[in-house]
Amino acid sequence: MTLDVQKIRADFPILHTRVYGKPLVYLDNAATTQKPQAVIDAIVDYYTRYNSNIHRAAHHLSNLATEAHEAARRTVQRHINAEHEYEIIFTRGTTEAINLVAYSFGEVFINPGDEVIFTMMDHHSNFVPWQMLCERRGANYHVVPFDENGDLRLDIYQNLLNSKTRLVAFNHVSNSLGTVNPAQEIIRMAHDAGAVVLVDAAQAVQHVDHDVRALDADFYAFSGHKIYGPTGIGVLYGKEKWLDAMPPYQGGGEMIERVTVEKTTYNKLPFKFEAGTPNIVGPIGMAAALDYLNALDFTEVRAHEDAVLAYARKKLLEIDGLKIYGNGKLHTSIVPFNIEGVHHYDLGTLLDTRGVAVRTGHHCTEPIMAALGVEGTVRASLALYNNFEDIDVLVESIHQALKILRR
Amino acid sequence: MLTIQEIQAQIIEDFSFLPEWDERYAYLIELGQKSPPMAEENRTEDNLVRGCQSLVWLARECHQGVVYLQADSDSLIVKGLAALLLQVFSGQPAEEVSQADLHFFETIGLNQHLSSQRTNGLLAMVNEIRSFAVQCVGEGS
């Protein structure tokens with residue numbers, strides 16, 4: 001069976017809008033994905049029928065809202081195959097999830113002289129929090145480089161691992177290069193050295209394998225809005241043994257067990273890490289997105305995305321002077337490129353006037369751009385609803401733009 | 001010499017003859033390419049206005065309360081946008097520059113380039129010009 005892309009496209013209302021009078025061709029999915037009607041409906045339904053604060057009131061609406069919110073936690077648990085539902089912490093997104101670990105794990109487990117490893121292809125959100133942590137705790141960090149194809153230098157990584165390494169953080173899929181990193185191998189090597197591992201799955205959970213127990217990830221972070229759900233909601237998965245040993249990230253309501261003038265004791269997992277009234281509807285919308293995705297055959301989704309990706313790379317490379325960055329052994333859904341003599345902003349602007357949405361710039365990965373020796377790239381990134389026609393429009397629009405930029 | 005308002009009105013009229021986006025951007029790029037090249041000694045780190053998307057160099061001079069500007073960019077479109085800004089502001093009294101209502105970008109449909117400081121440095125450039133003009137007013141008096 002192959003994925004019925006026409007049917008899927010019908011489920012995403014925004015794909016039928018026009019920009020500058022042209023049909024929208026949305027190729028900025030690594031920045032955020034569009035939402036199926038099922039997600040929009042779930043959000044509207046929450047506010048229409050049962051909006052209420054959760055976990056404390058005795059009334060009917062609060063019970064409905066609490067049940068939906070906690071059912072969403074179980075949906076996430078099943079989706080990434082976590083052992084316990086209380087290992088799922090709701091956050092604002094991947095960034096907050098990583099900062100939570102950098103703070104709370106760092107507070108207990110990172111001491112002066114300890115070492116943290118992350119990679120040159122990590123997003124700023126999986127780069128800066130570790131620099132901040134190391135500065136705060138007097139620890140040191142190492143950055144694993146990548147080779148000319150966009151593959152991590154595992155030989156260098158192996159040499160960086162030592163008995164002082166406490167934590168390794170890396171993205172499973174690079175948002176700037178599209179490289180799929182060998183997550184299981186990276187995690188096994190870290191564990192062999194006695195280090196704990198955080199996987200930034202922001203670009204991975206929607207495109208590649210996402211079984212946290214098969215990966216043996218200690219922490220695993222992703223965002224709702226990149227997996228067809230709403231913005232402002234994300235997930236931190238952590239193994240119970242780590243989450244239990246970590247102090248709270250923020251203080252306030254929800255996260256306490258007892259509060260007295262003398263001393264406060266903390267709530268159990270996951271609430272210890274969820275201070276204040278949470279984003280109640282966010283998980284409900286995200287769970288609707290996961291339900292939507294899980295009603296499809298993920299093997300077919302991957303096969304479709306890979307076929308469109310291969311087509312895009314082939315057609316783009318036929319353009320004179322076009323260079324694709326990121327030619328790693330395994331890659332997914334993301335095509336970063338530049339055209340000789342053409343500024344990425346100029347190309348992005350002219351594509352926009354033709355209804356083609358791509359991202360241009362450094363993609364919040366300035367170290368990658370420095371390593372590639374460029375100021376920025378044009379990035380086309382795919383989701384399950386993109387089809388071969390989208391690529392044809394992209395390529396034709398590039399040719400039209402070049403007529404203006406190269407005359 | 002035309003006032004800032006008169007120059008903006010002229011730019012709006014010029015663009016009104018170009019209904020298609022391709023024509024507008026082609027014209028904009030041409031403006032950038034025809035604008036006088038920036039002196040090499042002005043392409044300094046000090047004159048660099050860093051956007052998230054493109055590099056802009058902006059050289060500022062103040063003579064007797066009048067603002068003189070040169071600009072360049074690695075992006076053809078941003079260079080064209082900068083050329084428009086220079087048409088409007090360079091050679092104008094600093095007091096006028098600091099107070100002018102800059103509306104032509106919106107009228108000709110290019111306001112998106114000014115929409116966020118993070119995008120291309122154009123907004124940063126406008127802010128630089130205005131704060132320079134305020135200083136220049138002080139020096140001229």
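The values are calculated or read from the model by the stated rules, or taken from the named source; none is laboratory data. All figures in this text were calculated on a predicted structure; none of them were measured in a lab. Note: ideal-geometry Cβ built from the backbone for every residue, glycine included; neighbour counts use all protein chains shown. Quick note on the areas: whole protein, heavy atoms, side chains included, nothing else; ligands and nucleic acids left out. Shrake-Rupley method; radii C 1.70, N 1.55, O 1.52, S 1.80 Å.
Points to keep in mind about this one:
- Amide H contacts of A:Thr165 (H built 1.01 Å from N, under 5 Å, at least 5 apart or other chain): A:Glu115
- For the protein assembly as shown, DSSP calls about 70 percent of its internal beta bridges antiparallel.
- Pairs with C-alpha atoms separated by more than 27 Å, drawn from the list A:Lys403/B:Lys79; A:Lys226/A:Lys268; A:Lys22/A:Lys226, are A:Lys226/A:Lys268.
- Positive contributions from Lys and Arg (+1) and negative ones from Asp and Glu (-1), summed over other residues with Cβ under 12 Å from the Cβ of A:Met120, come out at -3.
- Legend: mean number of C-beta atoms from other chains within 10 angstrom of residue C-beta atoms, peptide A:347-354, equals 4.
- Checking every one of the trypsin sites (Lys or Arg not before Pro) in region A:123-163 against DSSP loop status and a limit of 16 other Cβ atoms within 10 Å picks out A:Arg153.
- Within region A:160-261, trypsin sites (Lys or Arg not before Pro) in DSSP loop having at most 15 other beta-carbon neighbours inside 10 Å: A:Lys164
- Net +/- balance of residues flanking A:Val25 in space, Cβ distance below 13 Å, scoring K and R +1, D and E -1: -2
- Alpha-carbon centroids, region A:303-323 and region A:116-158: separation in whole Å: 30 Å
- Span from the region A:22-74 Cα centroid across to the region B:31-73 one, whole angstrom: 49 Å
- Solution diffusion estimate, µm²/s, Stokes-Einstein, the protein assembly as shown, Kirkwood Rh from C-alpha pairs, 25 °C, viscosity 0.890 mPa s: 95 µm²/s
- Within chain A, the selection of entire DSSP H helices by a Cα span of 15 Å or greater along the long axis and an average Kyte-Doolittle value of at least -0.5 returns A:281-294, A:298-317, A:388-405.
- The listed residues A:His124, A:His69, A:His60 rank as A:His60, A:His124, A:His69 when sorted by accessible area, largest first, using a 1.4 Å probe.
- Scanning residues 5 or more positions from B:Trp57 or on other chains, those with amide H under 5 Å from its amide H are B:Val49, B:Asp72, B:Ser73, with H placed 1.01 Å from N in the peptide plane.
- Surrounding net charge for A:Ala38, when Lys and Arg each add one and Asp and Glu each subtract one, Cβ distance under 11 Å: -3
- Interface area, B with A, accessible, probe 1.4 Å, both sides summed, Å² nearest 100: 1600 Å²
- Accessible-area value, B:His113, 1.4 Å probe, nucleic acids and ligands omitted, Å²: 0 Å²
- Loop-located GluC sites (Glu not before Pro) in region B:1-97, at most 12 other Cβ atoms within 10 Å (DSSP): B:Glu20, B:Glu45
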